[in-house]
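Please read the structure below before turning to the comments.
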Amino acid sequence: MDVIVLGLMFLSSTIWLGLLFFRGQFWQTDQQLEVTETQLQSLPVVCVVVPARNEADLISTSLRSLLLQDYPGSFNVFLVDDRSTDGTANFAEGVARAVGKPQQLHIISGASLPPGWSGKLWAVEQGINSASKFAPDYFLLTDADIEHDPGNLRRLVAKAVQEDLDLVSVMVRLRCESFWEKLLIPAFVFFFQKLYPFRWVNNPNNRTAAAAGGSILIAREALERIGGIQVIRQALIDDCALAQAVKQIGRQSNSSFSRGHIWLGLSTLTHSLRPYDSLAMIWDMVARTAYTQLNYSPLLLLGTLVGMILIYLVAPVSVILGAFWGNWAMSGDKTHYVYAFTGLLGWLLMALAYYPTIRFYKCSFWLAFSLPAIAFLYTLMTLDSALRHWQGRGGAWKGRVYPSPDNL
């Protein structure tokens, strides 16, 4: 029994060493858009597409930030009102008039949702179709709950042009103000980076592809090359599906083929307005798509649950076990020291990996040591995501419930 327990402890610590040194340095926060040089030799035409469904509370701030971008080139904003019932379109019109740019805002009344489409992607499709008359060089796909820094569009375009990228995306700074946000939101970003190491995403020779749906700049040619938004029309995790399509299709040039060039990073200035003030709100946000991320596979779910326990929970349990065993151990028995030391090593490695994200979100240093408890909550959310899917409640968002692609 001691051999098995010790083996699990050493395996957990070894996994963390592997993650720290061989997982694309995912734990670093150095991939940031704001370090981009923004000098532009050309000024591509950009059309911004904003799908909005019942966003009256946030659309005024979000849309104002878009219309007041300091981008010196031509850009227009296409807001697709996805059958809202709260006056979203009226608020949007008021904002455009207030900032003196009604000519740059185009409001599209969304058509009814056809079979086989997610609501957001159908709205994006309609926005792109309407914007195509401007023959844009790039589309900026963004959510209605994002407040953009005035220079965000300029930086995105500069990044794309200077590095010849087909897609540029930033994970905007998520709101981190309430207790539950500080406890769980930085970990959400940390887990996303562990799943999709940004350095791997940004390496055209690596197959890993991902994007963050809050802010995606995509070249029109790249979108046409993959067959348009319709190729991912059923995707619930649409941002990563789009990035995967762009990187996988690649591009042909002078008889040579290369992967599509994409870039994903963090933003320190552009941020999400969406509040997650309670555990229930964050729980629903994660449970909505966690099982989708696992391709609705019971085997992957089982592997994930076992992996989360091994990676995040073995270390703190070892420390506790070693401490209590020390009180009960017979004189001369030093096994509890090995348990405590091995578990503490794994826990410290875990905290070391998590600390840059904690610092990025300006949270308390001690939260870095809370990752095991946070991971336990996320494990329960993932399990609940599977249960919701099996009960026919998976993918619920904005009054719609989306079945898995196999059931469409």
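Throughout, read-outs are computed from the coordinates displayed, never taken from laboratory work. Quick caveat: nothing in here was measured; it's all calculated off a predicted structure. All Cβ positions, even for glycine, are placed from backbone atoms using ideal geometry, and neighbour counts span all protein chains on display.
Once both labels are modelled 7 Å past Cα along the beta-carbon direction, what's the PHE369-ASP164 spacing in nm?
About 5.1 nm, to one decimal.
Which of these, LYS133, LYS101, LYS182, has the largest mean-square fluctuation under a Gaussian network model of the chain (Cα springs below 10 Å)?
Largest GNM mean-square fluctuation: LYS133.
Once phi is turned into θ = phi - 60°, what whole-Hz ³J(HN,Hα) does the Karplus curve with 6.51, -1.76 and 1.60 give for every residue of segment 148-164, x standing for Gly and Pro?
For segment 148-164, the Karplus curve yields 8, 4, x, x, 5, 5, 4, 5, 4, 5, 4, 4, 5, 6, 5, 10, 6 Hz.
Place a point 7 Å from Cα of ARG175 in the direction of its Cβ. Which residues in segment 48-69 have their backbone N less than 19 Å from it?
Once the point is set 7 Å along Cα→Cβ of ARG175, 51-66 turn out to lie under 19 Å by backbone N, inside segment 48-69.
What spacing in nm lies between the two simple spin-label points modelled at ASN206 and PHE22, each 7 Å away from Cα in the Cβ direction?
Those two pseudo-labels are separated by 1.5 nm.
Tell me the mean residue ellipticity at 222 nm calculated for the chain from its helices only (DSSP H runs of n ≥ 4, each -39500 (n - 2.57), averaged over every residue, nearest 500).
Details: 15 runs with 193 residues, N = 408.
After summing the helix terms and dividing by the residues of the chain, the value is -15000 deg cm²/dmol.
What FRET efficiency, computed as 1/(1 + (r/R0)^6) with R0 = 35 Å and r the Cβ-Cβ distance, is obtained for GLN39 and ALA323, rounded to the nearest 0.05? Let's see the in-between values first.
On the way: r = 58 Å, r/R0 = 1.65.
The calculated FRET efficiency here is 0.05.
Between LEU279 and GLU224, take the C-beta separation as r, use R0 = 60 Å, and let me know the FRET efficiency to the nearest 0.05.
Working: r = 43 Å, r/R0 = 0.72.
According to the calculation, E is roughly 0.90.
At R0 = 45 Å, how high is the FRET efficiency between PHE341 and ASP30 if r is their beta carbon distance? Nearest 0.05 is fine. Could the numbers behind the result be given before it?
Numbers: r = 32 Å, r/R0 = 0.70.
After rounding to 0.05, the efficiency reads 0.90.
With label points built 7 Å along Cα→Cβ from the Cα atoms of GLU93 and LEU113, find their separation and express it in nm.
Calculated label separation equals 2.6 nm.
Which far-off residues, 5 or more places away or on another chain, put their amide H under 5 Å from the one on ILE108, with H placed in the peptide plane?
Amide H neighbours of ILE108: LEU79, VAL80, ASP81.
Please report the antiparallel percentage of DSSP beta bridges with both residues in the chain, rounded to the nearest 5. Kindly include the intermediate steps, with their values, before the conclusion.
Details: 14 of 37 bridges.
That works out to approximately 40 percent antiparallel.
Considering amide H positions built from the backbone, and no H for Pro or chain starts, which residues 5 or more places from TRP27, or on another chain, come under 5 Å of its amide H?
none
Can you bin every Cα-Cα distance in the chain into 20 Å intervals starting at zero and give me the percent of pairs per bin, rounded to whole numbers?
Each 20 Å bin holds this share of Cα pairs: 25, 55, 17, 3, 0.
For the chain, what is the number of Lys pairs with C-alpha distance below 27 angstrom, counting only pairs 8 or more positions apart or on separate chains?
Here the count comes out as 18.
Whole-Hz Karplus ³J(HN,Hα) for segment 262-275, in order, using 6.51 cos²θ - 1.76 cosθ + 1.60 and θ = phi - 60°, x for Gly and Pro?
10, 9, 9, x, 9, 10, 9, 10, 7, 9, 7, 8, 5, x
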